[in-house]
1. Work out the charge dipole of the chain with +1 on the Cβ of Lys and Arg and -1 on the Cβ of Asp and Glu about the Cα centre, then indicate which of Ala36, Ala78, Asn15 is farthest towards its positive end.
2. Across the chain, what fraction of all alpha-carbon pairs, as a whole percent, falls in each successive 10 Å bin from zero upward?
3. With +1 on the Cβ of every Lys and Arg and -1 on the Cβ of every Asp and Glu, and nothing else charged, how large is the dipole of the chain about its Cα centre, in debye rounded to the nearest 20?
4. Ignoring everything except DSSP H segments at least 4 long, calculate the 222 nm mean residue ellipticity for the chain; use -39,500 (n - 2.57) per segment, divide by total residues, nearest 500.
5. Enumerate by residue number the GluC sites (Glu not before Pro) in the range 1-33 meeting two conditions: DSSP loop (anything except H, G, I, E, B), and at most 16 other Cβ atoms within 10 Å of the site's Cβ.
6. Got a sec to turn the phi values of the range 42-54 into Karplus ³J(HN,Hα) couplings, 6.51 cos²θ - 1.76 cosθ + 1.60 with θ = phi - 60°, whole Hz, x for Gly and Pro?
7. Rounded to whole Hz and in sequence order, give me ³J(HN,Hα) for the range 76-83 from the Karplus expression 6.51 cos²θ - 1.76 cosθ + 1.60, θ = phi - 60°, writing x for Gly and Pro.
8. Return the subset of Lys3/Lys30; Lys14/Lys46; Lys3/Lys24; Lys7/Lys46 for which the Cα-Cα distance in this structure is over 21 Å, preserving the input order.
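Where a number appears in this text, it was derived from the coordinates with a stated rule and is not lab data. Quantities reported herein were computed from a predicted structural model and do not represent experimental measurements. Counting neighbours? That spans all protein chains shown, and the Cβs are built from the backbone with ideal geometry, glycine included.
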Amino acid sequence: MAKLDAKERNALPKNDFGLPAERKYPMEDKNHARNAKTRASEEEHKGVISKSTEEKIDKKADRVLDKGKKKESMEEFADRRNKEEKAKRR
């Protein structure tokens, strides 16, 4: 994960932050999203942020982490399950 300098951080759009109004917990990529989840958890345990704030940050990070993942259709899921069941029977 590349460290953001002040110029790069200031150039990020507000919606790239876990807390956009405060521009805290930047999530420009998946590495930053994972880091934001970790930091939010630490801060919540220390009492610096509330549980609801941590959940808000986690929800945003989860959306960033899910980008690019192909969602499995019901047919694909059924096919995969059938193949797994057949493999178990062998």
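1. The residue sitting farthest along the positive end of the dipole is Ala78.
2. Final binned percentages: 16, 35, 21, 15, 12, 2.
3. Working: 27 positive and 20 negative charges, 76 e Å.
In total the dipole reaches around 360 debye.
4. Working: 4 runs with 55 residues, N = 90.
Result for the chain: -19500 deg cm²/dmol, rounded to the nearest 500.
5. Details: sites: Glu8, Glu22, Glu28; in loops: Glu22, Glu28.
For GluC sites (Glu not before Pro) across the range 1-33 that sit outside H, G, I, E and B with at most 16 neighbouring Cβ atoms in 10 Å, the list reads Glu22.
6. Rounded to whole hertz, the list is 4, 5, 5, 5, 7, x, 6, 10, 7, 4, 5, 5, 4.
7. 5, 4, 4, 4, 4, 5, 4, 5
8. Details: Lys3/Lys30 13 Å; Lys14/Lys46 26 Å; Lys3/Lys24 14 Å; Lys7/Lys46 29 Å.
Over 21 Å Cα-Cα: Lys14/Lys46; Lys7/Lys46.
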